[in-house]
Each structure stands twice: as structure tokens, then as C-alpha cells.
Amino acid sequence: ETRDWIFEGGAVDVDGTGLLVTTEQCLLNPNRNRGMGKAEIEAALRSDLGVERILWLGEGLLNDHTDGHVDNLARFVGEGRIALPAPSGNDDPNAAVYADALARAEAFGLEVAVLPSPGLVLRDDEIIPASYMNFYIGNAAVVVPLYGADNDEAAVAAIGGLFPGRRAVGI
């Protein structure tokens, strides 16, 4: 059955108990759901995905070509438990985004696991939306993206600690 609204898998994350997280930048972006307001999108998420509660974060990462997919900013790591990055150094381009996401998650009543951020990562003199949050959870391993940043090893260790019984691997 076809639905009359647009979003991609990385636009949402769920904790398995009826709780969903997304960003306003992504799902309220006119290039996806022009004419649909927050209430209409919430109704569609509840109806089509069966979620009961929705945490709206604000902006996604700077220069994210996905218009703020949440899977680059916040991930559920258990029931009612969400992982969020902390700024790395004074030049972290997403420090304000992380602070806003943390405030919203805490106000929502979630337990927050704070993880390292790669900080400022440049490719061809352009800031890229580098994040350890877009990790893959497999049956036996958790695969974490690496950037050659100072926090790479710390991020793999921290994410591995959230998934006992799985091996954390950085790639």
C-alpha cells in the first residue's frame, strides 16, 4: 500500500517500545512533506509505524546532505535510552546541535548515553558531517565509522560498551 508522505530509513530511529526519534530539519523539510505540519507527520508516524511517542530533535549535523537524518545525530541503545555525541574541542561545528539534542532528550525524560564526537573533520577544505552515531548493529558486532580523528578509538570503545556481547569494530 502506498503512503502519501516521504521519509527515508535514516530519518527515524525507534527503541522498540513505541518511541521514535527524528529531527525537525528532516521530516518538516519542504523537500519531503510540503504542506504537512508536525501534527500531520506525527499522525502518519503513529498510524503507519505504530509508534506512540515521538521525540523531535531540532537540526541535524552541519552540511548533512540528508537534511538532518537523525541516525547521524542520535540512536537508541536500549528502551528509553538514547546515545548522543558530546562536542570535541572548541572547534566542533556541531556543538550547538549536540547541546540542543541533549536538552530535548533530557526534557523528554530519556536516559542519555553521551558518546565522543569526531569533532571538526575536513575533506577537501569542506566540513563533513562526521559522526560515530551512524553505527551498524549486527548480530555479533557493532560497526563504527572512523575518520582518522583523535576520538576514533574512544568512540569504538564507548559504543562497544553499550552493546555487551557484541564486538565493536571501527572501519
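Points to keep in mind about this one:
- Filtering Tyr136, Tyr147, Tyr98 for residues that are within 15 Å of the chain's Cα centre (by Cα) and surrounded by 17 or more Cβ atoms within 10 Å (Cβ to Cβ) leaves a single hit, Tyr98.
- With respect to the conditions (1) closer than 25 Å to Glu52 by Cα; (2) crowded, with 19+ Cβ neighbours inside 10 Å, Glu106 falls short on a single one, namely (2).
- Selection status of Thr23, open to solvent by less than 70 Å² (accessible area, probe 1.4 Å) and among the hydroxyl-bearing types (Ser, Thr, Tyr): yes
- Annotation: of all residues in the stretch 28-59 being in contact with a Gly (Cβ under 9 Å, 6 or more places away or on another chain) and of a type outside the set (D, E, K, R), the one that is modelled with the lowest pLDDT is Asn29.
- Against the list (1) outside any helix (DSSP H, G or I); (2) without any contact (Cβ under 8 Å) to a residue 40 or more places away in the chain; (3) touching a helix residue (DSSP H, G or I) at 6+ places or on another chain (Cβ under 9 Å), the condition Gly35 fails is (3).
- Positions within the stretch 109-133 being in a strand (DSSP E or B), open to solvent by less than 60 Å² (accessible area, probe 1.4 Å) and not β-branched (Val, Ile, Thr), in sequence order: Ala113, Leu115
- Qualifying position, being touching a residue at least 24 places away in the same chain (Cβ under 8 Å) and part of a loop (DSSP other than H, G, I, E, B), among Asp71, Asp64: Asp64
- Residue check: Pro87 meets all listed conditions (1) open to solvent by 40 Å² or more (accessible area, probe 1.4 Å); (2) part of a loop (DSSP other than H, G, I, E, B); (3) in contact (Cβ under 8 Å) with a residue 40 or more places away in the chain but one, namely (3).
- Note on the stretch 4-32: residues that are out of contact with any Cys (no Cβ under 8 Å at 6 or more places or on another chain), within 17 Å of Gly58 (Cα to Cα) and part of a helix (DSSP H, G or I) amount to 7.
- Annotation: of all residues in the stretch 155-171 being among the aliphatic types (A, V, I, L, M) and open to solvent by 50 Å² or more (accessible area, probe 1.4 Å), the one that is farthest from Leu62 (Cα to Cα) is Ala157.
- Residue that is nearest to Asp152 (Cα to Cα), among those in the stretch 112-127 that are out of contact with any helix residue (DSSP H, G or I) (no Cβ under 9 Å at 6 or more places or on another chain) and without any contact (Cβ under 8 Å) to a residue 60 or more places away in the chain: Gly119
The values are calculated or read from the model by the stated rules, or taken from the named source; none is laboratory data. Note that the coordinates shown come from a computational prediction; the quantities given were computed from them, not determined experimentally. Positions of Cβ are backbone-derived with ideal geometry, glycine not excepted, and every protein chain shown enters the neighbour counts. Side chains are part of the model used for accessible areas, which takes the heavy atoms of the whole protein and leaves out ligands, DNA and RNA. Shrake-Rupley method; radii C 1.70, N 1.55, O 1.52, S 1.80 Å.
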